[in-house]
Amino acid sequence: MSEGILTAPPNLNSAGPEAVARILIIDDEAAIRESLETLLSLEGYAVESAENGEVGLERIAEQPFDLVLLDLALPGRNGIEILGTIRERHASLPVIMITAYGTVGNVVDAIRGGAQNFVQKPWDNEKLLADIRAAVARYRAEEENVQLKRALRQRYNFPNIVGKSEPMLRIFDLVAQVAPTRSTVLIQGESGTGKELIAKALHANSPRRDKPFVPVNTGAMPTDLLESTLFGHVKGAFTSAIAAKKGLFEVANGGTLFLDEIGTMGMDTQAKILRVLQDRRFMHLGGVQEIQVDVRIIAATNVDLRQAVREGKFREDLFYRLNVIAIELPPLRGRREDIPLLATHFLRRFSEENGLPPRAFTPDAMRVLVDYEWPGNVRELENVVERGVVLSSGTTIGADLLPAHLTGASYSTSLLEHSPDASLFDIMEDIERRIIVDKLERCNWNQTEAAEAFRIPLSTLNQKIKRLNIEIRKRVKD
C-alpha cells in the first residue's frame, strides 16, 4: 500500500491551522505595498512589508511567515535572486511572484526558481486571494506533517508517517508496545487501510530490525506455488523442480515473515503454517529433513476470520495461534481528520515524481475529499490524488478534476453537455467505460477484484477493457 498511514500524538504544531497566517510583502513601490496590506488585512491576515529584497530577507530571518509576495523588479538584487536565497534558507516557504512584466521568460524563471505562482499587475483581487489561501493551506498542512513526523521519529522508528486521528493514535501506541516482543500479530482491516505499513512498523521497532522483512501475498498464488514459495523444495520434488530452492521461511530466518491475505489460504497450507508456528520446524517440499527457523509471523486479512472459522473455511486452531495480538485498522471514513494531511502528503509526492510544481486542492475539492466515504480507503485516496496531479494544468486542483463518483456528477448528463450530438450507442459506451474505470480505481486496478465486485467472469471484464480501450494502470501495494 501506499506509504504514510500511521498517526502521531495530536497538537504537535503549536501554531495550528486556526492561527492567523502571516504574510510578507516585498515590493519597492509604496502604493503597491499599501494596497496589498489593506486587501490582506481585511481578509484577516497578519501582514508585514519590506521595501527591498535585503530587508525582506531580514524579516524572514527574524520571524516565521506562511507566505511571501515578492516583486520581480526590485532595486539591487532582483526578485529571482531573492527567490533563490529564500529557497536556500527556507526551502518550503511558499512565494508568489508579482510583476508588471509578465513575459514567458520571467514566468519560466520564477517557476524554475521555486515560486508557488506568478501574478501580473494589475491583479484580480479574488484570484490573488484564492491563490494565497491555497498556498497557505498547503504550506501549513506540509509543516504539520513535518512536525508530526519529527515528533514520531524522536520516539519511534516509524518512517513515512502521516496523520493525527484518535483511532489511529490508539493503534500507534499498541504497535509501539507490541513491536519489541516476538508475539504473532494478526492485522485486520478493509483493503487499502495500510496493513503492510503496520507490519513494517512492527518489524522496524523490534529486535529483528536488522534481519529480513519478507512480505508474501498468499492470496495471489495457487496452493502448490504458494507452498513451494514458503517452504522451498528439493530437486525433483515436482516436474519443474530442476534445482533445489530455499523457501521464504528460510529467507526470513531471524526476521519477520508477513503473510498478507491469509484468509484466502487453503486448508492444507494452513495446517503446515500451524506446524511452523507450534514447532518452528518445517520440511522442504519433497524433503525428509526438518529445518528449524526463528521467524516472527505477522498475518493480515480483510475478511472476518471468525466467520470463516464458523463456515469451515479457516482452521480454528490456526486462528487462535495467529490472533495472539490483534490490530484492527479503521477505515479512512472513520478518521476523516487525517484526510487533508494524507491528501497533502500525496500531492507533494506525486508532484515531485512527475517533475511538477507543488499542487494544492481548492477548499471545495478538499471538502469533497473529506465528505466522501472512501470504500477503497487510503489506497483509493492515493489514486485520486495522483489523478488530480496528472490532469491539473495549474498549481491548484479543483473539484472538477475529481472523479465523478466523488462529486456525484451524472455520467450521462456530463457526456451530453459536451457532446450534444452523441448517439445513444456512444453515450452508453462512454458510461460503461467510466463505470469500469471507477471500479478499477476503487479496486487498485486489480481486475480479479473488480470482476468479483461486478459479479461477472474475469474473462468478460477483460473483453470489455479491451473493447473500450481502457488503459490498465500499475497497482499500488497495500
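Readers should treat all values here as calculations from the given coordinates under stated rules, not as data from a laboratory. What you see is a predicted model; the values in this text were computed from it and never measured. Cβ: placed from backbone, ideal geometry, glycine included. Neighbour counts: every protein chain shown.
A few comments on the model shown:
- Taking every DSSP bridge with both residues inside region 166-332, close to 20 percent are antiparallel.
- The share of Cα pairs per 10 Å bin across the chain, counted from zero up to the longest distance, runs 4, 17, 22, 21, 17, 11, 6, 2, 0 percent.
- Listed residues 76, 52, 114: farthest to the positive end of the dipole of region 22-145 (Cβ charges): 114
- Over 22 Å between alpha carbons, listed pairs 439/466; 164/200; 211/272; 439/464; 245/272; 211/313: 211/272; 211/313
- Here the Karplus curve 6.51 cos²θ - 1.76 cosθ + 1.60, taken at θ = phi - 60°, turns the phi angles of region 314-319 into couplings of 9, 5, 5, 5, 5, 4 Hz, with x standing for Gly and Pro.
- From least to most packed, judged by other beta carbons within 10 angstrom and beginning with the fewest, 168, 366 follow the order 366, 168.
- Under 5 Å between amide hydrogens, built in the peptide plane, is the criterion, and for residue 25 it picks out 48, 49, 50, 69 among residues at least 5 positions away or on other chains.
- Kirkwood hydrodynamic radius computed over region 281-389 comes to 17.9 Å, based on all pairs of distinct alpha carbons.
- Across region 28-59, the residues whose backbone nitrogen lies under 19 Å from the label position 7 Å along the beta-carbon direction of residue 121 are 28-41, 48-57.
- The order of the peptides 257-269, 179-191, 237-249 by mean Cβ neighbours within 10 Å, most packed first, is 257-269, 179-191, 237-249.
- Extent along the principal axes, Cα only, for region 176-225: 34, 25, 15 Å, with the longest axis given first.
- Residues 214, 384 arranged by fewest to most Cβ contacts within 10 Å: 214, 384
- Dipole magnitude (debye, nearest 20) for the chain, charges at Cβ of Lys, Arg, Asp, Glu: 2480
- Note on the chain: antiparallel DSSP beta bridges, both residues inside, total approximately 10 percent of the bridges counted.
- Rounded to the nearest angstrom and listed largest first, the equivalent-ellipsoid semi-axes of region 22-145 from its Cα gyration tensor are 18, 17, 15.
- Where only DSSP H runs of four or more residues are counted, the chain gives -14500 deg cm²/dmol as its mean residue ellipticity at 222 nm, each run worth -39500 (n - 2.57).
- Farthest positive-ward along the chain dipole, Cα basis, beta-carbon charges - from 243, 300, 397: 243
- When you restrict to C-alpha pairs under 8 Å that are six or more residues apart and normalise by the size of the chain, the relative contact order lands at 15 percent.
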